[in-house]
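Read-outs: derived from the displayed coordinates by stated rules, not from any lab. All of these numbers come straight from a predicted model, not from anything done at the bench. So basically every Cβ, Gly included, is an ideal-geometry build from the backbone, and we count neighbours across all protein chains shown.
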Amino acid sequence: MNTPENTVRWHPVARSADLRPGANIVAGFAEGQELALWRAADGTAQAWENRCPHRSVRFTLGQVIDNRLACAYHGWQYEAGSGQCASIPAHPAMQAPRNVCAKTFGTAEAAGMLWVRLSPDALPVPDGLGNAVPAGWHFCRTLTVRVPAAMVRETMARHGLSADEASPAWRGPLDGVETAALVLDAQPLLSFIYLWTSAAPGSAEMKKLHAAARQLRTDIEARPQG
Ligand code: FES
């Protein structure tokens, strides 16, 4: 069932297209949790605490090697999925310690986004994530605003968007252009808004939405924070 209760625990942390298999590592946040986001060579998306369990160096400084993430400092390698330490290059003959494990979070890919669940419960992925952006819609842009997510939602409501009952998205026309907005509560004073639209890339409608998005950001940041 697509209730807000079972979708609010999932955070839209990045666009799926921004994670290339076996390649880059993207820094992310959700509710203040710093994340290292990457995609193993086998295509599976990973969301890990951005901290190596050896000496706490940020994983985002490291590199993806096939289906492993290698820390930049001493080169220890961790397996996609489990986060288990699998190799210590300085001691190739040594068995990697079983108790050294990166902290991993549950992920789902839906509506063109990577979603992360911070809670340890093995909750199923709700159907509502897949309904967040209608099929065939296009990505417009990401807005970064230094305000709480609640303030973002209040301002979006004043711009005519409303919470979708069947998904975590906010929907409606922004300056007349059909829009779906996904809000990420990144930190107490940092939010991201991913805007998707029915407008075609390069169209006059898309340009209109870009202008409306700039105005939305201005209005959000102009609001006094209580
Ligand atoms: S700090 Fe990461 S391998 Fe040592």
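With contacts taken as Cα pairs under 8 Å and at least 6 residues apart, the chain reaches a relative contact order of 19 percent. Overall, segment 4-123 carries a charge dipole of about 280 debye about its Cα centre when +1 sits on the Cβ of Lys and Arg and -1 on the Cβ of Asp and Glu, all other atoms neutral. In this rough spin-label picture, where each label sits 7 Å from Cα along the Cβ direction, the residue 163-residue 218 distance is 2.9 nm. When the inverse distances between all different Cα atoms of segment 131-222 are averaged and flipped, the Kirkwood radius reads 12.9 angstrom.
Site pair residue 207 and residue 55 shows an inter-label distance of 5.4 nm when each label is modelled 7 Å from Cα along Cα→Cβ. Going by a ≥ b ≥ c, the root eigenvalues of the Cα gyration tensor, does segment 88-130 fall in the rounded group (a/c under 1.5), the prolate group (a/b larger than b/c) or the oblate group? Prolate, since a/c reaches 1.5 and a/b exceeds b/c. For the chain, the residue among 93, 115, 184 whose Cα projects farthest onto the positive side of the dipole built from Cβ charges is 93.
Applying the Karplus relation 6.51 cos²θ - 1.76 cosθ + 1.60 with θ = phi - 60° to segment 102-113 yields 3J(HN,Hα) values of 5, 7, 10, 10, x, 10, 8, 10, 7, 6, x, 10 Hz, where x marks Gly and Pro. Computed over the alpha-carbon atoms, the chain gives an Rg to Rh ratio of 1.03, Rh here being the Kirkwood radius from the mean inverse distance. Converting phi to 3J(HN,Hα) with the Karplus coefficients 6.51, -1.76 and 1.60 and the offset θ = phi - 60°, segment 207-213 yields 4, 4, 5, 4, 5, 5, 5 Hz in sequence order, with x at every glycine or proline. Pairs of Cα atoms nearer than 8 Å and 6+ residues apart set the relative contact order; for segment 131-222 it is 38 percent. Taken about its Cα centre, segment 131-222 carries a charge dipole of roughly 260 debye when the Cβ of each Lys and Arg holds +1 and the Cβ of each Asp and Glu holds -1. Karplus-derived 3J(HN,Hα) values for segment 169-175, using 6.51 cos²θ - 1.76 cosθ + 1.60 with θ = phi - 60°, are 7, 9, 10, x, x, 10, 6 Hz; glycine and proline are entered as x. Cysteines of the chain lacking any other cysteine Cβ under 4.7 Å from their own Cβ: 85, 101, 140. Dipole orientation for the chain: of the candidates 40, 62, 134, 62 has the Cα lying most toward the positive pole (charges on Cβ; Lys, Arg +1; Asp, Glu -1). Near residue 145, within a Cβ-to-Cβ distance under 14 Å, what is the net charge of the other residues, with Lys and Arg +1 and Asp and Glu -1? Neighbour charge sum, excluding residue 145 itself: +2. A protection proxy built from the mean count of other Cβ atoms within 10 Å ranks the segments 31-38, 91-98, most packed first, as 31-38, 91-98.
Amide H to amide H, with H built 1.01 Å from N, residue 87 comes under 5 Å of 77, counting only residues 5 or more places away or on other chains. With neighbour counts taken as other beta-carbon atoms within 10 Å, the residues 11, 54, 74 rank, fewest first, as 74, 54, 11.
Taking the fewest neighbouring Cβ atoms within 10 Å as the starting point, the ordered list for 66, 121 is 121, 66.
Relative to the Cα centre, the charge distribution of the chain, modelled as +1 at Lys and Arg Cβ and -1 at Asp and Glu Cβ, gives a dipole magnitude of about 620 debye.
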